[in-house]
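Down below is the structure, laid out as structure tokens.
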Amino acid sequence: MATDQAGPPPAVLEVRDVRVTVNGVRALGGVSFDVPEGSLFGLIGPNGAGKTTIMNVISAVITPQHGSVRFRGKELTGMGTVARVRAGILRSFQQVRLLEDLTVLDNLLLGRERFRTVGLLRQIGGSRTGRRQARRDLAAAEQVAAVLGLSDLLHRDVQDLPFGVRRLVDVGRAFAAEPDLLLLDEPAAGLDVTSRRLLLDAIKQAQRTTGATVMLVEHDVDLVRRACGESVVLSNGEVLARGTPAEVLADPAVLRAYFGRNDA
Ligand SMILES: Nc1ncnc2c1ncn2[C@@H]1O[C@H](COP(=O)(O)OP(=O)(O)OP(=O)(O)O)[C@@H](O)[C@H]1O
């Protein structure tokens, strides 16, 4: 029978019982969660919780000893980095990785490399396909710049820009790649409170505009509350809670692990 109640959005990423031991240290002890399609999903937890490790598992930097990670129903374990990038899974790192002596536009265009189907010589030779692709790349880069408020800076060298703007360019390059699933590992690290807020607002805007699923590692729970629709809390390599930021941050176990509080 038809119902007018919309169900929850389907999970684009299914993480099941993932266990990882690194150099004899248990980093993940059986982690399971779903990431809904088209969401800005928060991954939070205290230091050493296993956040980077799960990002490393999803992006093929490490192979888990046990468990399964499925993307759009397809098993990722055993699939290499290049195949994952082709599937639309992209990642940023805690450190900004830009080509500092190139312009903002050049760096955004680097994000388009995964669409590079036309050989460099044919592009230089100016084939019609190459020109069409170059136009598409430019339009995509300019669109991302507009969403992130970078339009006036497109022709500035990255090295001349403040750190907060370089962080924004780093995020912009990832969005220019039109990811299906974007993993952002502490994109606001090293920024002051105001800049962190602006960056998270920009990410939220870009996520909404593009419809990409974004998984965000963030320490600052206020920012997660402000930006994310749903989240999972890791502690000590295990899932402590999952739900909306309001739900998880009211969970007594989360308050104890995160803030050392027993007053919940
Ligand atoms: N290469 C390694 N060698 C030894 N232990 C490791 C290694 N990588 C991770 N670990 C351990 O695995 C656990 C999870 O680490 P991970 O970096 O995933 O946590 P995290 O939540 O990202 O922490 P942070 O917020 O500090 O970045 C920690 O106890 C960490 O010490």
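Numbers below:
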| quantity | calculated |
| --- | --- |
| Every residue from segment 31-59 that is more than 15 Å from the ligand (Cβ to nearest atom) and within 14 Å of the chain's Cα centre (by Cα) | VAL35, PRO36, GLU37, GLY38, SER39, LEU40, PHE41 |
| Residue within segment 246-259 that is over 25 Å from PHE33 (Cβ atoms), buried (at least 17 other Cβ atoms within 10 Å of the Cβ) and out of contact with any strand residue (DSSP E or B) (no Cβ under 7 Å at 6 or more places or on another chain) present | no |
| Looking only at segment 214-234, and only at residues there that are crowded, with 24+ Cβ neighbours inside 10 Å and not hydrophobic (A, V, I, L, M, F, W, C), the one that is farthest from the chain's Cα centre (by Cα) | SER231 |
| ALA188 being assigned by TED's automatic domain parsing to the domain that holds VAL35 and crowded, with 23+ Cβ neighbours inside 10 Å | yes |
| Verdict on GLY243 being modelled with pLDDT of 90 or more, under 22 Å from VAL12 (Cβ atoms) and either assigned by TED's automatic domain parsing to the domain that holds VAL20 or touching a strand residue (DSSP E or B) at 6+ places or on another chain (Cβ under 6 Å) (or both) | yes |
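The values are calculated or read from the model by the stated rules, or taken from the named source; none is laboratory data. In this text the structure is predicted, and so the values were computed from the model without any measurement. Here the Cβ is made from the backbone with ideal geometry for all residues, glycine too, and neighbour counts use every protein chain on show.
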